[in-house]
């Protein structure tokens, strides 16, 4: 079960080139620190007292959440590529800037510029001419970005830290496929995303206690999604007599009544978190197999014992 609530304003996460953009397939991952290297030119901002480099023009970049929204004042990463390298699907990164609204000195020409705000991106081409101008050229990037915060609930209470993770996928494309936007995310974090429909897959425990839901992220707003997990905690043991010692080196397979495998493990006393429902468990020990059907309810803690016969 998922509850949604949108809150204004917007909001924190990390990077990949967006599908369908001119940079799709390129590596846009920001390095951990702005360490210069031989292939990246670090271009200083053009300040009030700093002259523009000879033969270059000042260009200011501004990122906005929405068309009529506020300027983004932190967390923006700008990347500028030489447009002449688009054909090789890698391009030449000429600078990376982490100032929210940088003023850059650029030579006349065409460039591909990517503005990244968490997982929200906008990539487009700009042109810098050589005509004199009294004011710097201004390039506004409207990211149409919003935020998503997922809260996981267990039995009406927030889940313990580390017990639930979730993934964010895109809506289905024309080939009926989804693309992974973010994996292994912890609930409670604000993830910045482009506005649109996303598919959330939230997992509690190590098996099939999974909740799936489609969620809409609106530009300029923070969407709160509350996910309610149902689950049962089940432990297994194979014994020679009722209440006896569990036999070691036992291989376990938990499957649905239709035969789909839910979980496999090895050990004397495995324990797993399962979605409520009916299952079949198979225990294999010393070339012998034993099976038992069982049913668990939401919130139940169950011990399933198989007897060697």
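Taking the three principal axes of the alpha carbon atoms in region 92-221, the coordinate ranges are 66, 33, 26 Å, sorted in descending order. Entry for region 232-307 at q = 0.11, 0.22 Å⁻¹: log10 I(q)/I(0) = -0.24, -0.97, Debye formula applied to identical alpha-carbon scatterers, no solvent contribution. Protection proxy ranking, highest mean first, for peptides 232-241, 167-176, 190-199: 190-199, 232-241, 167-176, where packing is the per-residue count of other beta-carbon atoms within 10 Å, averaged. Here region 281-309 is scanned for amide nitrogen atoms under 15 Å from the site 7 Å beyond the Cα of residue 242 along Cα-to-Cβ, giving 304-309. Here the calculated FRET efficiency for residue 171 and residue 138, from their Cβ-Cβ distance with R0 = 30 Å, stands at 0.35, rounded to the nearest 0.05.
Can you tell me the relative contact order of region 146-229? Whole percent, Cα pairs under 8 Å, sequence separation 6 or more. Don't skip to the end; give the middle numbers.
On the way: 184 pairs, mean separation 35.4, N = 84.
Contact order relative to length: 42 percent.
What the Cα atoms of region 146-229 give is an Rg and a Dmax of 12.6, 39 Å. With a Förster radius of 45 Å applied to the C-beta separation of residue 265 and residue 92, the computed FRET efficiency comes to 0.35.
Just so you know, the Cα atoms of region 177-309 work out to an Rg and Dmax of 19.2, 64 Å. Spin-label model, residue 67 to residue 298: label points 7 Å out along the Cα-to-beta-carbon direction sit 4.3 nm apart.
Centroid-to-centroid, using Cα positions, region 127-194 and region 203-227 are 13 Å apart.
Full extension of the chain between residue 129 and residue 286 yields a length gain of 48.7 nm, computed as 0.36 nm times the residue separation minus the alpha carbon distance.
Using the average count of surrounding beta-carbon atoms within 10 Å as a protection proxy, the listed peptides 152-160, 266-274 rank, highest first, as 266-274, 152-160.
Just so you know, all these numbers are worked out from the coordinates, no wet-lab data involved. From a predicted model like this one, the values you see are computed outputs, not experimental measurements. Methodologically, a virtual Cβ is constructed for each residue, glycine included, from the backbone with ideal geometry; neighbour enumeration extends over all protein chains shown.
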